[in-house]
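What follows is calculated from the coordinates using simple rules that are stated; it is not laboratory data. Note that the coordinates shown come from a computational prediction; the quantities given were computed from them, not determined experimentally. Glycine also receives a Cβ, built like all others from the backbone with ideal geometry; neighbour counts cover every protein chain displayed.
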């Protein structure tokens with residue numbers, strides 16, 4: 001860590017801003033709640049490390065019952081294994097021979113699996129695994145409505161699974177079926193419809209796999225917005241939710257699971273960008289955090305715990321707040337807690353989490369996979 005923004009034992013008021021802050025009581029409650037849901041539902045939990053990018057957090061999830069971690073990039077997998085994580089699924093198509101070699105070498109230290117939607121990629125991964133003398137787990141990614149990666153369900157997916165099963169150095173383990181486009185659909189009814197369609201595609205593929213005599217160990221997918229629906233379908237037996245640990249305004253804007261029109265509240269906000277007031281023109285205030293401290297592609301951050309204050313503009317190093325007549329004025333250097341619009345890319349902008357409890361810094365957690373884009 002270069003120039004950490006706080007020291008253990010510091011009061012929140014002494015944290016150097018901008019800083020990425022975890023409120024530990026909410027974080028721990030979120031961690032325990034998802035682990036409990038998976039345990040009582042009889043499904044595996046493999047949280048997505050593309051959200052937190054932190055081996056220490058990954059180990060906390062595993063200690064709570066997770067079977068391992070998901071990630072998107074080979075660099076993320078390397079950081080996780082270096083940090084003591086022993087079971088990783090790369091939920092992405094890896095086709096570059098150099099990256100496949102890195103994954104094969106990583107498989108000498110941990111259990112590694114990856115996803116496929118093309119036969120040429122299967123052959124390339126098999127070559128890399130054979131060269132290093134390891135076995136890589138392999139999943140067929142089924143296109144279930146996201147219109148990103150994936151092969152059509154049914155016969156095409158089974159043909160690819162058979163290609164994997166016959167490839168030296170690879171072991172067919174199951175299906176990747178992630179409907180990411182459903183996660184932030186506004187209403188529960190819309191999300192139900194999307195996951196029902198995804199479940200139909202998976203069921204058809206499972207039936208074809210069974211007829212072909214190919215054992216499917218697990219169907220993995222689901223996210224924070226739909227995980228209850230995947231479990232209720234009876235099709236998925238592994239969950240990949242990641243944002244549940246922290247939450248953000250994108251999730252806060254969708255309807256919840258309990259009743260139509262009620263805000264999503266399965267999990268509490270535990271992740272914040274802490275900023276300081278640097279200017280107080282009449283009727284507004286300016287903070288010392290901007291686009292270099294949080295992502296705004298999903299909308300401006302929200303001000304946490306302060307009624308009558310709204311973010312109305314952001315730039316590289318500034319956030320502009322408008323204060324209503326009912327809002328108290330802000331003072332120079334006063335701390336303001338911002339809820340980011342999208343937690344994943346916000347986290348990628350920081351080197352360390354400042355973990356606080358009862359107003360005091362309790363821990364500093366390095367974000368070891370920050371910037372791991374390859």
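How would you classify region 1-123 from its alpha-carbon gyration tensor, with a ≥ b ≥ c the square roots of the eigenvalues: rounded for a/c under 1.5, else prolate if a/b is greater than b/c, otherwise oblate?
oblate
State the extension gain, in nm to one decimal, for the chain segment bounded by residue 212 and residue 252, taking 0.36 nm per residue of separation less the distance between their alpha-carbons.
Gain in length upon complete extension: 10.0 nm.
Run the helix sum for the chain: -39,500 (n - 2.57) per DSSP H stretch of 4+ residues, divided by residue count, reported at 222 nm to the nearest 500 deg cm²/dmol.
Theoretical 222 nm ellipticity from helices: -9500 deg cm²/dmol.
By how many degrees, 0 to 90 and rounded to 10, does the Cα axis of helix 97-106 deviate from the longest principal axis of the chain?
The two axes meet at around 90 degrees.
Take residue 307 and residue 40, extend 7 Å from each Cα along the Cα→Cβ direction, and tell me the distance between the two endpoints in nm.
Inter-label distance under the simple model: 3.3 nm.
Based only on other Cβ atoms within 10 Å, what is the fewest-to-most ordering of 116, 172, 218?
218, 172, 116
What distance in nm lies between label points placed 7 Å from Cα along the C-beta direction at residue 108 and residue 4?
Going by the 7 Å Cα→Cβ label model, 3.3 nm.
When the chain is fully extended, how far beyond the present Cα-Cα distance does residue 181 get from residue 263, taking 0.36 nm per residue of separation?
Computed gain between residue 181 and residue 263 is 27.6 nm.
Once you sort the root eigenvalues of the Cα gyration tensor of region 221-374 as a ≥ b ≥ c, which label holds: rounded (a/c under 1.5), prolate (a/b larger than b/c) or oblate (the other case)?
prolate
At q = 0.13, 0.18, 0.24, 0.29 Å⁻¹, work out log10 I(q)/I(0) for region 298-367 with the Debye formula, treating every Cα as an identical point scatterer and leaving solvent out; two decimals please.
Each listed q corresponds, in turn, to -0.48, -0.89, -1.25, -1.34.
Which order results if 353, 178 are arranged by neighbouring Cβ count within 10 Å, fewest first?
Ordered by Cβ neighbours within 10 Å, fewest first: 353, 178.
When 287, 349, 139 are ordered from fewest to most other Cβ atoms inside 10 Å of their Cβ, what list results?
349, 139, 287
Mind putting together the pair-distance distribution for region 24-252? All Cα pairs, 10 Å bins, whole percent per bin, short to long.
Bins of 10 Å from zero give 8, 34, 37, 18, 2 percent of pairs.
Across every pair of different alpha-carbon atoms, what Kirkwood hydrodynamic radius in Å does region 252-324 reach?
So the Kirkwood estimate lands at 13.7 Å.
Let me know the shape class of region 118-166, please: from the alpha-carbon gyration tensor, a ≥ b ≥ c as square roots of the eigenvalues, rounded when a/c is under 1.5, otherwise prolate if a/b is greater than b/c, or oblate.
Judged from the Cα gyration tensor, region 118-166 comes out prolate (a/c at least 1.5, a/b above b/c).
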